[in-house]
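Asker: Let me give you the structure first, and then I'll get to my questions.
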Amino acid sequence: MTLDLLRLMDIFDGRDDAAELMAELLDEQMACTRASLMSLLATGKDRPVADAVLSAYGRLDPVMQARLLASAEFGDALATWEEARHKTRDELERALDRLLEQIQREDALHRLSHGDVVAWMRDAPDDRVISPMGDRVAIRENGAWRLERVPGLDGLIAVDFDSALARRHEPDSGTLSQPCLEVSADERERIVAKLAESLELIDVCEPHFGLMIRSFVRRIIVRKSVEQQDVETVDQNFRVGSESRPQQPGTIRLLNPQLTQKSFVACMESMLHECVHNVLAAYERGHGKFMDSGVVVRPVSPWSGNPIPNHSLAHAIIVYYVCHRLFDAILRSPVDLPASERAELERRMGDFGAGFLIGQRLAEQFLLDEPPTDDFIAAIDGMQASMREFYASVDATLEVA
């Protein structure tokens, strides 16, 4: 596939071939994940567990294989192994064991959907078994198993409150490093409804962004860390937030979306923001990173004024460009919004645009040993020119008025 960064921008700009490009990118991401799996199995050859993984994977039908390759759990296990493959042989064994368990779990839930309770299910230590994709859960009551869909958006994006992935502690995560409190049934319902309403408005105002979210987001992990009545006691930086991780494809994480402070507008921004990161991660999976991720020499972000890694600045430019595009479309649409939400949209839109209006070229702000590629520079210049043209037209309209 010859998808350079300029063609990738066609996805974000909603060109006629955007849907085709998304499908190509997803196919390429899955091919890379499959190649990583085969590399892991080759590394573990002559080990019984590697043979068991290959045999169990081979027995799955193509749809089930695709579900595994697209799941956050599978990607997480492979990424953990790739990071440690040159450090410890124990990590290889653990990665193989994790993958075998995920394959067996996917197979067991698939068979349960056809009324067959296999030995793996009968021996399950827990009464709730969630699929690696996070979209189905088997529940055991009085010795009998039943299978249910996890609540979500359009039956395509699972909203995950309960999986081991959603409840684990990650010290370096802004979301999963926070306390894990139980989410009430009422809060779950309100969170899913808030996210569904946010996605619906995106569909109305920029349909190709709705398609992009449904294509590149398959799981929304929710972490509740504070009760509404206690929110003022928590540092503002840890009240609400969102993030995504390249090693968990198709997944975004939301912190405290049950709070009133996590507005409808903020939900739209979080979903699109993290979706763009997922698109960029999929691109970089097959084509390599836009630039080095080193953190020693850092440029200054035109948005925050803080030094950030070069790679983070590259992502930020694209993310803010896309979010600005969505909020502009919403404000220009005939959708009737409360005054408070319209004001929030306008404020955030101004925040997105601010960094593009500096007196220098954004493409020259990176501190690298080697200059960015030509297509990267052209893409950054194109976004900045588009934003400057937008605000020049806004200023001209204000002057006339």
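The values are calculated or read from the model by the stated rules, or taken from the named source; none is laboratory data. This structure is a prediction, so every number in the text was calculated from the model and none was measured. Cβ coordinates were reconstructed from backbone atoms using ideal geometry, including for glycine residues, and neighbour counts include every protein chain displayed. What goes into the accessible areas is simple: the full protein's heavy atoms, side chains included, and nothing from ligands, DNA or RNA. Shrake-Rupley method; radii C 1.70, N 1.55, O 1.52, S 1.80 Å.
Asker: When the helices in the chain are scored as -39500 (n - 2.57) per DSSP H run of 4 or longer and the sum is shared across all residues, what 222 nm value do you end up with, to the nearest 500 deg cm²/dmol?
Answerer: -18000 deg cm²/dmol
Asker: Another one. Can you tell me how much longer the chain between GLU91 and ASP27 gets when fully stretched, taken as 0.36 nm per residue apart minus their C-alpha distance, in nm with one decimal?
Answerer: 20.2 nm
Asker: Using the beta-carbon distance between LEU156 and ILE358 and R0 = 25 Å, what value does 1/(1 + (r/R0)^6) give for FRET efficiency, to the nearest 0.05?
Answerer: The formula returns an efficiency of 0.05 here.
Asker: Here's something else I'd like to know. Return the whole-Å distance between the Cα centroid of region 19-95 and the Cα centroid of region 337-374.
Answerer: 37 Å
Asker: Turning to a different aspect of this structure: Roughly to the nearest percent, how much of the accessible area of the chain is carbon and sulfur, given a 1.4 Å probe?
Answerer: On the way: 9510 of 18600 Å².
The C+S portion of the solvent-accessible surface of the chain is 51 percent.
Asker: May I ask you to give the average projected area over all directions of the convex hull of the Cα atoms of region 1-90, in nm² rounded to one decimal?
Answerer: Over all viewing directions, region 1-90 projects a mean Cα-hull area of 7.4 nm².
Asker: Which percent, nearest 5, of DSSP beta bridges in region 5-288 are antiparallel?
Answerer: 65 percent
Asker: Find out how many positive minus negative residues lie around ALA19, taking Lys and Arg as positive, Asp and Glu as negative, among other residues whose Cβ is under 12 Å from that of ALA19.
Answerer: Neighbourhood net charge equals -3.
Asker: Give the dimensionless ratio obtained when the Cα radius of gyration of region 8-152 is divided by 2.2 N^0.38 Å.
Answerer: Taking the Cα Rg and dividing by 2.2 N^0.38 Å, one obtains 1.19.
Asker: Within the set of other residues whose C-beta is less than 14 Å from the C-beta of PHE327, count the net charge using Lys and Arg as +1 and Asp and Glu as -1.
Answerer: Combined, the nearby Lys, Arg, Asp and Glu give -2.
Asker: Now for a separate question. If you roll a 1.4 Å probe over the heavy atoms of the protein chains, what accessible area per residue do you get for region 289-391, in Å²?
Answerer: Details: 5080 Å² over 103 residues.
Solvent-accessible surface per residue comes out at 49 Å².
Asker: Using a ≥ b ≥ c from the Cα gyration tensor of region 141-223 (square roots of the eigenvalues), is it rounded, prolate or oblate, where a/c under 1.5 gives rounded and otherwise the larger of a/b and b/c decides, a/b for prolate?
Answerer: Oblate, because a/c is 1.5 or more while a/b does not exceed b/c.
Asker: Output needed for region 289-391: three equivalent-ellipsoid semi-axes, defined as square roots of 5 times the C-alpha gyration tensor eigenvalues, in descending order, whole Å. Working shown, then result.
Answerer: Values: eigenvalues 166, 40, 24 Å².
Semi-axis lengths for region 289-391 are 29, 14, 11 Å.
Asker: Where Lys and Arg each count +1 and Asp and Glu each count -1, what net charge lies around LEU60 among other residues with Cβ under 13 Å from its Cβ?
Answerer: Working: positive: ARG34, ARG59, ARG67, ARG105, ARG111; negative: ASP61, GLU106, ASP107.
Every neighbour counted, the sum reads +2.
Asker: Turning to a different aspect of this structure: Evaluate Rg over Rh across the chain, taking Cα atoms for both radii and Kirkwood's formula for Rh. Could the numbers behind the result be given before it?
Answerer: Numbers: Rg = 22.3 Å, Rh = 22.8 Å.
Ratio value, two decimals: 0.98.
Asker: Report the FRET efficiency, 1/(1 + (r/R0)^6), for ALA339 and THR373, where r is their Cβ-Cβ distance and R0 is 51 Å, rounded to 0.05.
Answerer: 0.70
Asker: State in Å² the accessible area per residue of region 5-288; use a 1.4 Å probe, count heavy atoms of protein chains only, and round to the nearest integer.
Answerer: That works out to 43 Å² for each residue.
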